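Novice: Got a structure for you, written out below as structure tokens; questions coming shortly.
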Amino acid sequence: MSTDAIVMLKDDHKQIRKVFRDFQAAGDEAYVRKGTLVDTMIELLTQHTYIENEVMYPRVRALMPELEDDVLESYEEHHVADVLVMELAAMKPTDERFDAKTTVLIENVQHHMDEEEQDWFPKVREGLGRKQLQQIGEEMVAAKKKAPKKPSQPSALKKTVDAVLS
């Protein structure tokens, strides 16, 4: 497995997109399947936002101050996703708004991932280069081992708010 930070994040994005597609294809009354898929989404997104908030964004922010606005926007996009994840974690697949809330989460996260991959990652790759991205990737591997898997654990939401306010 590559320790290039961008390669790692794109791999996460692929896993997340697959779960999104599976949810969208599950069918209207596939409550058990949808519940399992949302649980998987929650775990993947909680871990992913944690490693970006704890490692990738702070490192890029320090090394490439010209990307400050992009980083702050990403923190806010994570905040929105974290709120939706926490709300979904408290819902049942049979709840009236479960599918709608999941759809909004999917749309928001897809937009965020597309923006990162098409705009932000190329700027970061050009500005940092391979060696620094591998070092950041190694830090992300370590962070992922201790990353929360559920929003009830210390979540990326608190860290996002703290980071933006500091």
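Novice: Out of Gly127, Ser74, Val38, whose Cα points farthest toward the positive end of the dipole of the chain (charges: +1 Lys, Arg; -1 Asp, Glu; placed on Cβ)?
Specialist: Farthest along the dipole direction, towards plus: Val38.
Novice: Starting from the Cα of Lys146, draw a straight line to each of the aspartates and glutamates and keep only those under 20 Å, dropping any in the same chain fewer than 8 residues away.
Specialist: Cross-link targets: Asp4, Asp11, Asp12, Asp39, Glu43, Glu52, Glu54, Asp82, Glu138, Asp162.
Novice: With Rg and the Kirkwood Rh both taken from Cα atoms, where does Rg over Rh land for segment 1-56?
Specialist: 1.08
Novice: How far apart, in nm, are the 7 Å Cα→Cβ label points at Arg21 and Arg125?
Specialist: 2.1 nm
Novice: Can you tell me the equivalent ellipsoid semi-axes for segment 40-123? Use √(5λ) from the Cα gyration tensor, largest first, whole Å.
Specialist: Each semi-axis is √(5λ); the values are 27, 12, 9 Å.
Novice: What Kirkwood hydrodynamic radius, in Å, does the chain give when the mean of 1/r is taken over all pairs of distinct Cα atoms and then inverted?
Specialist: About 16.2 Å, per the Kirkwood formula over Cα pairs.
Novice: Which lysines have a Cα less than 27 Å from the Cα of Lys101, not counting those fewer than 8 places away in the same chain?
Specialist: Lys10, Lys14, Lys18, Lys34, Lys92, Lys144, Lys149, Lys150, Lys158, Lys159
Novice: Highest mean first, how do 82-88, 19-25 rank when packing is the count of other Cβ atoms within 10 Å averaged over residues?
Specialist: 82-88, 19-25
Novice: Also, I was wondering about something else. If R0 is 25 Å, what FRET efficiency do you get for Ala100 and Val32 from their C-beta distance, rounded to 0.05?
Specialist: For Ala100 and Val32, the calculated efficiency is 0.85.
Novice: If one computes the Cα centroid of segment 62-119 and of segment 8-49, what distance in Å separates the two points?
Specialist: Segment 62-119 and segment 8-49 have Cα centres spaced 13 Å from each other.
Novice: Shifting gears a bit: Hey, can you rank 118-125, 48-55, 90-97 by average C-beta count inside 10 Å, highest first?
Specialist: 48-55, 118-125, 90-97
Novice: Given 0.36 nm per residue, what is the gain on full extension from Gln118 to Ala90 after removing their alpha carbon distance, in nm?
Specialist: Extra length available between Gln118 and Ala90 comes to 6.8 nm.
Rule-based calculations on the coordinates, nothing more; no lab input. Keep in mind it's a predicted model, so treat the numbers as computed, not measured. For neighbour counting, all protein chains shown are included, and Cβ atoms are generated from backbone atoms with ideal geometry for every residue, glycine included.
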